[in-house]
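Attaching a single structure in structure tokens format; questions to follow.
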Amino acid sequence: MGADGFVRRHRMTSETAGGDAGVAGASAGAEVRWLGGRIWGVSESLVGSLSPRIGGETDIQTVQFSGGPLEVADTSEPDYEGLPQGASTSTHMFAGAVAGIMEHCLMFPIDCVKTRMQSLQPEPAARYRNVMDALRRIVTTEGVWRPLRGLNATAVGAGPAHALYFACYEKLKKSLSDIIHPGANSHLANGAAGCVATLLHDAAMNPSEVVKQRLQMYKSPYGGVIDCVRAVWRTEGAAAFYRSYTTQLSMNVPFQALHFMTYEYLQELLNPHRQYKPSSHVVSGALAGAIAAAATTPLDVCKTLLNTQESLVGVPAAGQAGGRAVHGHITGLAHAFRTVYRLGGLPGFFKGVQARVIYQMPSTAISWSVYEFFKYVITKHQLDKKRAQQREGDK
């Protein structure tokens, strides 16, 4: 399947899926249309224009007789196992950016539910039994577009964040594997590469997470992304956009270590020759995401609390005995842990675990399958182009 056909088909879908949602849903509807026009417009132009340098090009032999070269025979098809190592950094970045945007945007309604379900003291109207109950009630009481509010903030952050994330991971994975276990795949190298890549990913994504989660909360006071950014900047300062950064890293570093190590291990079992095999990418990505998500839910609850700074959560004043609740800012991971335990006990650390696992399984499956697809398509496109040019030059 060609990349151009893939892009055109999805572009048609994104352009015909919109609708008039009324005044209440206008902001989210505009975000969807804004996003669709840009994702596929960029995809269509870049897939054909990127020119990665391929390390392991196809073998071409010249059959020569006494009269000179007669024909050029192509002795091998591009082997997917060799493509990822030969793909350029720009290919990894583009494939990663598309994968990240699609992953976050397709799963955004579930992410909205997860944020709501992690609220420590939700209002009665925002108490949900499960994921489907939450989605149904949000749509019926707040409008069909409400679960998509904040989507454009996520798209703006997800593109560059995942571009850096996958490019860094691919580079470090190979470099560290050559050091730790030359000539073979090293799980330690995969985990370490994932941890370092997370530092770059979270640095780019954290401000978008803050804005997105504040817009997702029940009765969010903000009119939109720009209004939220201005209000947070004015009332809490620029540091508010990175208040949860250390917590995000504390969660994502073990998450990504588990995620990458599990994914690569499952790939060895399901796809030992590392061919382009979509089913193995989907299954490996889903299982890796589920395991990592369940294990790191307590840290995700603390991150949500730091990002949203729920006004209903009473924060004891410094040095005040008896835990009398006053409004204030939750300032760090330790403070967030104490607040979660005080208000919810041990079960409070696993609020929203069902929504988190349900979100992460298809999310990581989408991310890996889209990433591997674009990496394969772009690199194969360039190999075919080089082979065609070689044939033309030898005629």
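Just so you know, all these numbers are worked out from the coordinates, no wet-lab data involved. Bear in mind the structure is a predicted one, so any value in this text is a computation, not a measurement. When we count neighbours, we look across all protein chains shown, and the Cβ atoms used for this are built from the backbone with ideal geometry, even at glycine.
So which helices (runs of 4 or more DSSP H) stay within segment 110-229 end to end and still have 2 or more residues that are hydrophobic (A, V, I, L, M, F, W, C) and more than 23 Å from Asp300 (Cβ to Cβ)?
151-180, 187-216
Hey, another quick one. So, in segment 330-364, of the ones that are among the basic types (Lys, Arg) and closer than 27 Å to Cys105 by Cα, which residue ends up surrounded by the fewest Cβ atoms within 10 Å (Cβ to Cβ)?
Filtering segment 330-364 for residues that are among the basic types (Lys, Arg) and closer than 27 Å to Cys105 by Cα, the one surrounded by the fewest Cβ atoms within 10 Å (Cβ to Cβ) comes out as Lys351.
Out of everything in segment 232-252 that is surrounded by 14 or more Cβ atoms within 10 Å (Cβ to Cβ) and of a type in the set (A, V, I, L, M), what residue ends up being nearest to Asn307 (Cα to Cα)?
Ala240
Hey, another quick one. Please tell me if Leu148 is surrounded by fewer than 23 Cβ atoms within 10 Å (Cβ to Cβ) and under 26 Å from Val98 (Cα atoms).
Numbers: surrounded by fewer than 23 Cβ atoms within 10 Å (Cβ to Cβ): no; under 26 Å from Val98 (Cα atoms): yes.
So Leu148 does not fit the description; no.
Could you go through segment 177-188 and let me know if any residue there is in contact (Cβ under 8 Å) with a residue 12 or more places away in the chain, out of contact with any strand residue (DSSP E or B) (no Cβ under 6 Å at 6 or more places or on another chain), of a type in the set (A, V, I, L, M) and under 15 Å from Phe108 (Cα atoms).
no
In contact with a Lys or Arg (Cβ under 7 Å, 6 or more places away or on another chain) and closer than 17 Å to Trp368 by Cα, is that true of Thr91?
Numbers: in contact with a Lys or Arg (Cβ under 7 Å, 6 or more places away or on another chain): yes; closer than 17 Å to Trp368 by Cα: yes.
Taking the combined requirement at face value, the residue satisfies it.
Gly194 passes all but one of (1) crowded, with 21+ Cβ neighbours inside 10 Å; (2) over 23 Å from His259 (Cα atoms); (3) not β-branched (Val, Ile, Thr); which number fails?
(2)
I'd like to know if segment 128-136 contains one or more residues that are of a type outside the set (S, T, N, Q), surrounded by 16 or more Cβ atoms within 10 Å (Cβ to Cβ) and more than 25 Å from Gly352 (Cα to Cα).
Looking for residues that are of a type outside the set (S, T, N, Q), surrounded by 16 or more Cβ atoms within 10 Å (Cβ to Cβ) and more than 25 Å from Gly352 (Cα to Cα), one finds none in segment 128-136, hence no.
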